[in-house]
Every structure is written in structure tokens, then in C-alpha cells.
Amino acid sequence: MRKPFLAGNWKMNKTAAEAQGLVKELLALLADTQDRDVAICPAFPCLAAVAQLIQGSKLRLGAQNMYFEDSGAYTGEVSADMLLAVGAEYVILGHSERRAYFGENNEIVNKKLKKALAKGLGPIVCVGEVLEEREAGKAEFVVEDHVRGAFAGISEAEAARVTIAYEPVWAIGTGKTATPNDADSMHAHIRKVLSALYSPALAENLRIQYGGSVNDKNIDELMRMPNIDGALVGGASLKAESFARIVKFIP
Ligand code: PEP
């Protein structure tokens, strides 16, 4: 059985004070959460403040990115050790915005994934096609390429610690959601790829989140699909009520 995993990607939003305000609201709304893993991923400058507030609660902390080197002259970058030291357990890797605006490709995502796993972080690896690729009938091919690229050279034991987030780029921040059936069939395709790369058992057990305009209205339907194990939520994770309702999806 795969435990549902709901994560909020706050992107470049919220100062530390604003982040603390949102976390306090979330803690109150999510106090009785059971049987689901919940993570919030604030921007780097907010991690320490948020970590303090969520200590001892069910909320877990994630970062939105990291670099693949341990330390050194990499101005502006943040290492896995720095994230761990501040209390992060998860890290989002290969988000489509990183791929589109910051030149991340499969090779970079693979290096980051290897480092995150070696350091003991829980990586959330984002994969997904852009609109032109979907319209050209290449969505499955692109997603398979992202999965194979990210997992290259990674052992089955390590791969088992990864969460994949399927995020069709055309659905991110646009209000357009993939239909539950379309999302589910891509998740099934990802399991097929993982089964070929590793084993049917790994493919069955690995958690795959859906991301792309998930909100408090569409979450229940998405979570009823057999291959959807959770959500990576952008915009709707910035308001306590909507994220709490997403976490409390009705199966
Ligand atoms: C995301 O950034 O991971 C995301 C899915 O954003 P949104 O929910 O706003 O579409």
C-alpha cells in the first residue's frame, strides 16, 4: 500500500514572517491529519524559521532545489548538507521551472538526485511534457526520457526512496488540470518504465504525485485514481484553507 503524499511547493513566495504565519494556520488546520505524509517546501530563506515551528508536528520540511556538489565556489547555490542541517527531509528536483528558466536537463537532475540520495534526503523528482510535446503525441516519450535520465546509474535500493511528481507543464499554474484519466494513464506508463528499469515490485511501491493546478475542488477525483498517490501543489498550497482541504482529500 502506498501512503498518500501531499506536498506544497511555495516557489518564490512568502518572506520568513509570512511563511511562519501560513505554517501556524496549517498546524491548526492539520493537527488531526492521519495516514498521509505532508510536506511544505518554502524558499531557502524561510526554511529555518519554518523548521522551528513544525518541530514535533506531522508537517515535514522540503526544499525546492539543491546543487550536486558538496561545497565550494558555487555562488548562489545550496548543498544537501545545508538543507539537512536546517531540518529539510525532502528536496524537489528537476521542477519544470528549473528546466525552463535555469537550464536544468536530465544530466543535471541525475547528478542532483544521486547527491540527494547519497546524503539521505527524500527527493521528489519532477517529470512532464510541454504542450507542444503532448499535441505532437510525444508526452509518453518525453516523460519516459525524464525518468530514464533522472534514474541513470541509481540502484534499486536508492530508487525506492524517490517520489516522482508527474507535472504536465501545460497544467502548471494555468488552471488547466490533466483529466484524472489522463494523469492516471501517464502514472501507469511511469510504472511500466520503472518496472523495466528496476522491478515490478519497485514500480508498484514507488509513490507518484500528480502536479498541475491541483486545488481543493479537483483533489478528491484525482486521488481516487489507482495510480495517483498524492499531489505536488503550487498555487493552492499558499493558502492554508485550500492546502489543508487538499491534504484532507476524501478518497
Ligand atoms: C508546481 O509548481 O509544482 C505546480 C504544480 O504548480 P500549480 O499547482 O500552481 O499548478
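Here are the numbers for this structure:
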read-out: Residue within the range 116-136 that is among the acidic types (Asp, Glu) and outside any helix (DSSP H, G or I) present; value: yes
read-out: Residue, farthest from the ligand (Cβ to nearest atom), within the range 1-26, restricted to residues that are aliphatic (A, V, I, L, M) and closer than 20 Å to ILE219 by Cβ; value: MET1
read-out: Some residue of the range 71-80 being under 17 Å from ILE124 (Cβ atoms), modelled with pLDDT of 95 or more and either hydrophobic (A, V, I, L, M, F, W, C) or away from the ligand (no atom under 16 Å from the Cβ) (or both); value: yes
read-out: Output for the range 213-251, where each listed residue is more than 11 Å from the ligand (Cβ to nearest atom) and closer than 20 Å to LEU22 by Cα; value: ASP216, LYS239, ALA240, GLU241, ALA244, ARG245, VAL247, LYS248, PHE249
read-out: Hits in the range 194-218 (condition: hydroxyl-bearing (Ser, Thr, Tyr) and either in contact (Cβ under 8 Å) with a residue 40 or more places away in the chain or surrounded by 18 or more Cβ atoms within 10 Å (Cβ to Cβ) (or both)); value: TYR198, SER199, TYR210, SER213
read-out: Some residue of the range 239-250 being in contact with a Phe, Trp or Tyr (Cβ under 7 Å, 6 or more places away or on another chain) and not acidic (Asp, Glu); value: no
read-out: The listed residue being within 14 Å of the ligand (Cβ to nearest atom), aliphatic (A, V, I, L, M) and buried (at least 19 other Cβ atoms within 10 Å of the Cβ), out of VAL109, VAL127; value: VAL127
read-out: Helices (runs of 4 or more DSSP H) fully within the range 160-245 counting 1 or more residues that are modelled with pLDDT under 95 and under 13 Å from GLY8 (Cα atoms); value: none
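Residues checked against (1) under 19 Å from the mean Cα position of the chain (by Cα); (2) more than 27 Å from LEU117 (Cβ to Cβ); (3) among the basic types (Lys, Arg):
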position: ASN9; (1), (2), (3): yes, no, no
position: LYS24; (1), (2), (3): no, yes, yes
position: ASP35; (1), (2), (3): yes, no, no
position: PRO42; (1), (2), (3): yes, no, no
position: GLY56; (1), (2), (3): no, no, no
position: GLN64; (1), (2), (3): yes, no, no
position: THR75; (1), (2), (3): no, no, no
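Condition check ((1) more than 16 Å from ILE228 (Cβ to Cβ); (2) within 16 Å of the ligand (Cβ to nearest atom); (3) under 19 Å from the mean Cα position of the chain (by Cα); (4) buried (at least 18 other Cβ atoms within 10 Å of the Cβ)) across all residues:
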site	(1), (2), (3), (4)
ALA136	yes, no, no, no
VAL143	no, yes, yes, yes
PHE151	yes, no, yes, yes
ARG161	yes, no, yes, no
ALA165	no, yes, yes, yes
ALA171	no, yes, yes, yes
ASN181	no, no, no, no
HIS187	no, yes, yes, yes
LYS192	no, no, no, no
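The values are calculated or read from the model by the stated rules, or taken from the named source; none is laboratory data. A quick note: this is a predicted structure, and the numbers were derived from the prediction, not measured. Quick reminder, even Gly has a Cβ in these numbers, built from the backbone with ideal geometry, and neighbours come from all protein chains shown.
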